[in-house]
Structure formats: C-alpha cells, structure tokens
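The values are calculated or read from the model by the stated rules, or taken from the named source; none is laboratory data. The structure displayed is predicted, hence computed values, not measured ones. No Cβ is skipped: glycine too gets one built from the backbone with ideal geometry, and neighbour counts run over all protein chains shown. All accessible areas refer to the heavy atoms of the entire protein, side chains included, with ligands and DNA or RNA removed. Shrake-Rupley method; radii C 1.70, N 1.55, O 1.52, S 1.80 Å.
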Amino acid sequence: FEGRIIYAAGKTIYFSDVGQANAIIAGNSFTFYEMTGNITAIQQINGAICVWSGSQSFLYQPSQGILLSGGRPVKVHDEIGCESAQCVLFRENVVYWLDRNGVYVTTNGLELQEISLPIKRFFQYETINPFIHYFTSGGWAGTLAQNAPDFVFRAENNFDQVHLDYDQINEQLFVVFPLLNITWVFKSGWYLWSFNSIVD
C-alpha cells in the first residue's frame, strides 16, 4: 500500500515504513475495537483498505503523512465477513471474497454485491453432483452402488483450505473446495467442476 506493507494481528492493522517492510513506527497502527472476532483478511482498494473478520466487513481510509493510523473506519456489513486470507482476490479493479454465506464483490469497498445468489443453495443447504452415474472395473454402476462418489455437496463444515483463484486469460473466478474435490467457476454464470473421476 503506497510503498508500505500492512500487517494484521488480532483486531489491529500495522503500517510499515515506506520501503522498509520490517520497520513499523510506534503508534502507526489502528485497532478495530468494534470488530467481532479477529481480522481474517485485508485488501487495499482505491487508496483504502478492506478489513474483514469472520463475520464483519470494514473499510479503513488511512490518514495522510508518515502515520496512517489517524484514518477513519467504516463498518460496511455486520453479518458478512471473509473466511481467510486465501479467500480474497483483487483482479481487474474488483475485490472478490468468500465467507460462509457466499461469494461477494466490491469495486469501492463500501458497496458489495453477492454474486453467488444462483448457487445460494450450496451455502445454505446442499447441491447435487453433476455425475448421475460412474463406471467401475466390472462395468457400469449407479448411484446406489458401494463406494460411489459423493452425489450431494454441502459447503457447511468443508471450508478448510478453501481458496480463490482467477484465470486472467478467460476472465473467470475459481472458488476451490479441496475437501469436496470441487471448484465453482464464475463467468457470466456459475459452473461446477468436480474432480472425481467417473471411473473407479
């Protein structure tokens, strides 16, 4: 951020000196006392800093000069946070992030849009694996066969190692759930990629 590194620990963000990532002037930090839980992710956008806990969103506008700690915080949302630092991306002047309710975007840090509404069921309840059958060494097997792959996916309890990625060539967002062996792909709509093979 303008030649500085921003660190986060607990409810506090720290601003390094310009060009010196390992040097922080005493007092060059800001604590979000209103925040529920600790900071899970931060991302700069348009001269400001998006700051999330697991359940809240803030925007911090730093002050000018050597000390950036005299800025102004704005609570953006009291029920939408960010799952982890791996669950936020900045691409094409847009911030994408994920919490347990869905996937969101913002272009200014203050106005957010939930882009995952078409797949809301996955985050609230469950969604169906696109496989309707698979093959075994002994021949075709249906969904009732032993050792069949999972045919129902739920986001709940499967957020470990979840992360976002972006394909700049095709301009598509990836939301990867490693524990489920699936990736949600967003480009003018949502597509589900399953990494289970149809062959056992």
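A few comments on the model shown:
- Residue check for L68: crowded, with 17+ Cβ neighbours inside 10 Å and within 28 Å of D167 (Cα to Cα): no
- Selection count, region 26-65, where residues are touching an Asp or Glu at 6+ places or on another chain (Cβ under 9 Å), surrounded by 15 or more Cβ atoms within 10 Å (Cβ to Cβ) and not aromatic (F, W, Y): 9
- Pairs where the first residue, in region 150-178, is surrounded by 18 or more Cβ atoms within 10 Å (Cβ to Cβ) and the second is in a loop (DSSP other than H, G, I, E, B) and of a type in the set (K, R), C-beta under 9 Å, 6+ apart: A155/R100; L173/K187
- Summed over region 16-39, residues that are hydroxyl-bearing (S, T, Y) and over 15 Å from R4 (Cα atoms) total 3.
- In region 1-25, the residue that is nearest to L164 (Cα to Cα) out of those that are among the hydroxyl-bearing types (S, T, Y) and open to solvent by 50 Å² or more (accessible area, probe 1.4 Å) is Y7.
- Residue within region 21-29 that is touching a strand residue (DSSP E or B) at 6+ places or on another chain (Cβ under 6 Å) and of a type in the set (S, T, Y) present: yes
- Applying the condition of being farther than 14 Å from V74 by Cβ and not polar (S, T, N, Q) to region 39-63 and asking which residue is farthest from the chain's Cα centre (by Cα) yields I39.
- Subset of region 60-81 [assigned to a loop (DSSP other than H, G, I, E, B) and more than 13 Å from I49 (Cβ to Cβ)]: Q64, G65, I66, L67, G70, D78, E79, I80, G81
- Meeting the requirement of 1 or more residues that are modelled with pLDDT of 90 or more and polar (S, T, N, Q), the strands (runs of 3 or more DSSP E) wholly within region 101-162 are 102-106, 112-114.
- Members of region 25-78 that are among the small types (G, A, S) and closer than 17 Å to E114 by Cα: G54, S55, S57
- Restricting attention to region 100-111, the residues being open to solvent by less than 60 Å² (accessible area, probe 1.4 Å) and farther than 15 Å from L173 by Cβ number 2.
- Residue within region 11-34 that is of a type in the set (A, V, I, L, M), modelled with pLDDT of 95 or more, closer than 15 Å to S69 by Cβ and more than 16 Å from the chain's Cα centre (by Cα) present: yes
- Residues in region 93-113 that are charged (D, E, K, R), under 21 Å from Y191 (Cα atoms) and out of contact with any helix residue (DSSP H, G or I) (no Cβ under 8 Å at 6 or more places or on another chain): 0 in all.
- Residue pairs meeting the criteria (Cβ under 9 Å; at least 6 apart or on separate chains; first over 12 Å from L59 (Cβ atoms) and without any contact (Cβ under 8 Å) to a residue 40 or more places away in the chain, in region 104-122; second small (G, A, S) and open to solvent by less than 40 Å² (accessible area, probe 1.4 Å)): Y104/S57; Y104/S116; E114/G102; L117/G102; K120/G102
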